[in-house]
Amino acid sequence: MSTLLKTIVEAIEDKKGNNIISLDLSRFDGAICKYFVICNAESTVQVSAIADGVEQDVRKKLGEKVWRVNGRENSLWIAMDYGDIVVHIFQTQMRDYYRLEELWGDAPITKY
């Protein structure tokens, strides 16, 4: 596991994110990144707190800044782009609706 991936997962765990998984997309031609990290939370406040925790921990421990963040305006689904890793933090109902991990059903999944 890469240091960035480990730091992201640990930050999510620290903020009590639920159902944390990573999808290894490195074997897929045309994939936008090497990994998706996906988790969910019960409230928009927790979704926002998880995103803040990931951003702070990655910057503090690795000195890396997030390239782009989308979804902060409503915190139903926040996507964070770290280049090789894209983090998806969903409110539980949104994750159940979009089922993002099913779109990459052939990708190896790691559950944390």
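Structural remarks
- Those strands (runs of 3 or more DSSP E) lying entirely in region 1-84 with at least 1 residues under 14 Å from the mean Cα position of the chain (by Cα) and under 19 Å from Tyr112 (Cβ atoms): 18-24, 35-41, 77-81
- So Val87, is it under 12 Å from the mean Cα position of the chain (by Cα) and among the aliphatic types (A, V, I, L, M): yes
- Counting the residues of region 1-53 that are within 17 Å of Asn70 (Cβ to Cβ) and touching a Gly at 6+ places or on another chain (Cβ under 9 Å) gives 7.
- Considering residues of region 26-45 that are modelled with pLDDT under 95 and aliphatic (A, V, I, L, M) only, the residue surrounded by the fewest Cβ atoms within 10 Å (Cβ to Cβ): Ile32
- Sole exception among (1) in a helix (DSSP H, G or I); (2) touching a helix residue (DSSP H, G or I) at 6+ places or on another chain (Cβ under 9 Å) for His88, by number: (1)
- Listed by first and then second residue, the pairs with beta-carbon distance under 7 Å, at least 6 apart or on different chains, first residue in region 34-63 and closer than 24 Å to Asp24 by Cα, second polar (S, T, N, Q) and exposed (fewer than 14 other Cβ atoms within 10 Å of the Cβ), are Lys34/Ser26; Leu62/Thr3.
- Total residues in region 70-99, condition surrounded by 15 or more Cβ atoms within 10 Å (Cβ to Cβ) and on the phi < 0 side of the Ramachandran plot: 17
The values are calculated or read from the model by the stated rules, or taken from the named source; none is laboratory data. These figures come from a predicted structure and were not determined experimentally. Methodologically, a virtual Cβ is constructed for each residue, glycine included, from the backbone with ideal geometry; neighbour enumeration extends over all protein chains shown.
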